[in-house]
Structure formats: C-alpha cells, structure tokens
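> Here it is, the structure in full.
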Amino acid sequence: MNEALPSAAVGLGTPRTRAVHRAIAEARRGVPVVLAARQPLIIAPVETVGAEGLRLIDLLSSGQAALLLAPARAAAVLHHDIKDAAPAVALRLARPLIDAETLKRAADPTMEQILPAFERTAPPDAAAAALALGKLARLLPAMVVAPVKPGWASLPGGAELLSVPAGDLLAYPLELAASLTKVAEVAVPLEAARDARLIAFRALDQGIEHMAILVGDPNAETAPLVRVHSECFTGDLLGSLRCDCGPQLQGAIARMAQEGAGAVLYLAQEGRGIGLINKLRAYTMQDRGLDTLDANRALGWDADERNFHIAAAMLEALNLPRIRLLTNNPAKVTSLLACGIEVVERVAHEFAPNGVNDHYLATKARRFGHLLG
C-alpha cells in the first residue's frame, strides 16, 4: 500500500458509486453485470450464479466464455504451477456453459474436487476488475466472464443488466475510506475501562460500520497508544483458541486503561479482509494441513486483503495523526505510514501460545514477519 489517503472522495461521483453499490448487490444475488472496459464483458460470480445467470451470459456473449480465477486457485485446478505474474488466470469454458455446480467446485477447494479438464486461455484486459467485484462482495474471487454483444441492452434479457466501469471497481477501496464519517458516539463502560466511549463510522456504501473504542482522552496525549484491530467473530466473541485475537483485543483495552488513554480501531475486516464465510473456509483448508497464509491463497485471496486507508481515515477524523501503534506486525506500521499517519513507536503486543494456536503464531512470525518471541 503506497497511496496517500485522499482528503476528499476520489471523484467517482454519486451515480457512479451507486453503480458500484448495485454491482456488489447484484454479485451477491448471482445476477450478471456488464463490465465497461476497452473490451466490455458480461460477468457473474461463480459462487452465486445459477442456471438463469449462465443462460443470460450464453445469450448475451459474443465470444469465448471463461472461468476467471486467481493464480493460486487456477494452479490447483490445472494441477501445475502458474509461472507468469498475471493478476488472474482464465480457463476456457465450452458453450453452452457447464453447470453452475461444476463451476462452484472449481472455485471452492473445500468442496469435493471432481472437475473436468480445463484449458487455459488469454484473460481479458479487465480481469483484475472482474475479480475485484467478487472480492468487494466478499465472495470467492472466481468469475464467469465473456465478451458481451454490441447493443446488449436492446437484446432479450439485456435491458435490465447493470453496467459498471472497470476502473470504478478498482478505485472503490480508496473511495470508501475517503467517504468515512462519524454516525454515533456514546459512553459504554467496559469491565477493563469504565471511561470507554464508542464511536461508529460508516462509509458511503452504508455497509457494516467500523468502530473506535476510546479509553480516557487520547487527544490529550502527544502520541496516544492505538491498536488497529480487525474484527474476529470466532476469537473476539466466541473465545476461539485458534487465534490470539480475543486476548489481543481485551489486552489492548486493559493496557490503555492502565496508561490512562488510548484508542482501539475495530475494523469490519474479518479474516484479514476476506470476510467471515471465507475465513471459515480457510479454517477448513487449515484443518487439511495448510497454514493460515496458504489457506487464504488456496481460496484465491491474497495473504492480507485489509484496507488500512479505513484506519487512517478514522484516525484523521479522531484528530489522532501521531500515534504509538500497539502491534507485532511491522507491515501494519508501514501501511499506516504510507497512508499519512505518523507512527512514532511500535509497541509490542504479544500473548503466549495456548496449545491450540501455536502453529498459527509460528506462521505469523515465519511468513508474515510478526515480531514474536
């Protein structure tokens, strides 16, 4: 991450951001949309598309349809390494399109893997934007894509389809961060911090809110202690032993109470940004022998998909541009610095293994570069 956080929205404009919101909703419903690019495409997520969606793609496409996958997932489907650096790999699909259930098995490694032989083909120019739509919808990053016929809106079944510019999908994470606003603030006494306050932030997508937990008055500090914590339903709420998220969250609040002030940014970015359902799928892959990094990649996600521009926007709104960051992850320091936040100190935040998460913590140190032990 190397872009500075914009001081205002990046300029998609209300009608265009509305189109992105609608495209995300359509993706979650399995409805195809048209991706406006140099080569316009009709696309739909594999995870949600059904027989009707595939029929529409067949009807409105003008050429070769393909299954678009992230390279790591495509390598598993093809049974060989992907040596080039393409952002996506396209696998040729026969017409009419094969059934939706077969496509789902190709996209989801947690399902029974009885697959036809796939042949690789050239990905479209807008492949990265197509996969971005699946990720924005928190679905598996796997899409059915095909070039769309000219005049598609006047063809049977075409008039109701949404068109969204490819560039708008790629710009959207920055747009979200730049549009973040406070929507509620209230005192919520906590067991470890009786003087805690919660501030809720919402972005223009009106999606899940991000929260700031303020202990004492962090604005009175020259560089207050700040924890950037990604939500973890299993660890924070259920007390799962698979990770160290629960102890890190409660430990951060207790430490700030001890120091007299601090802020926890509680980001709605479950599973390093892949969402709760995909995190549970990643757990399944871990149970089959993969570590936490390779499990994410097996599903087609990057090792860390979080948008730290959200955290930077929250800190700016809280008037906390200069902080001491409570983290074991040097990459989190680097990301916030790149977003314009002055991190004057990294403060260690380590908890002992519990007998279940030992391998998980070792992987964070060995493969993610966390400073542990």
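FYI, it's all coordinate maths here, none of it is from the lab. A quick note: this is a predicted structure, and the numbers were derived from the prediction, not measured. Quick reminder, even Gly has a Cβ in these numbers, built from the backbone with ideal geometry, and neighbours come from all protein chains shown.
> How big is the range 149-208 by Rg and Dmax over its Cα atoms, in Å?
20.8, 63
> Mind checking Rg over Rh on the chain, alpha carbons, Kirkwood formula for Rh?
Details: Rg = 21.9 Å, Rh = 21.9 Å.
So for the chain, dividing Rg by the Kirkwood Rh gives 1.00.
> Then there is this: Stick to the Cα atoms of the range 154-307, pair each with every other, and give me the Kirkwood hydrodynamic radius in Å at one decimal. Write down the numbers at each step before the final one.
Values: mean 1/r = 0.0561 Å⁻¹.
Kirkwood radius, the range 154-307: 17.8 Å.
> Within the chain, what's the longest stretch lacking trypsin sites (Lys or Arg not before Pro) that sit in DSSP loops with no more than 14 other Cβ atoms inside 10 Å?
Numbers: sites that count: 38, 83, 194, 288.
Excluding the exposed sites themselves, the longest stretch runs over 84-193.
> So which DSSP H runs in the chain come out at 18 Å plus along the axis (Cα) with average Kyte-Doolittle of at least 0.5? Provide the component values of the computation, followed by the final result.
Details: long enough: 14-29 (22 Å, -1.02); 166-178 (19 Å, 0.93); 245-259 (21 Å, -0.19).
Span-like helices in the chain: 166-178.
> Can you give me the pair-distance distribution of the range 14-172, C-alpha pairs, 5 Å bins, whole percents?
It works out to 2, 10, 21, 25, 22, 13, 6, 2, 0, in whole percents.
> Still on this structure, please answer the following. Kindly provide the Kirkwood hydrodynamic radius of the range 294-350 in Å, to one decimal, from all pairs of distinct alpha carbon atoms.
On the way: mean 1/r = 0.0806 Å⁻¹.
Evaluated over the range 294-350, this radius sits at 12.4 Å.
> If you don't mind, there's one more thing I want to ask. In units of 2.2 N^0.38 Å, what is the alpha-carbon radius of gyration of the range 174-246? Intermediate values should be presented prior to the final figure.
Working: Rg = 14.2 Å, N = 73, 2.2 N^0.38 = 11.2 Å.
My calculation over the Cα atoms of the range 174-246 gives 1.27.
> Tell me the mean residue ellipticity at 222 nm calculated for the chain from its helices only (DSSP H runs of n ≥ 4, each -39500 (n - 2.57), averaged over every residue, nearest 500). Each step should come with its number before you reach the end.
Values: 13 runs with 132 residues, N = 373.
Calculated from helices alone, the mean residue ellipticity at 222 nm is -10500 deg cm²/dmol.
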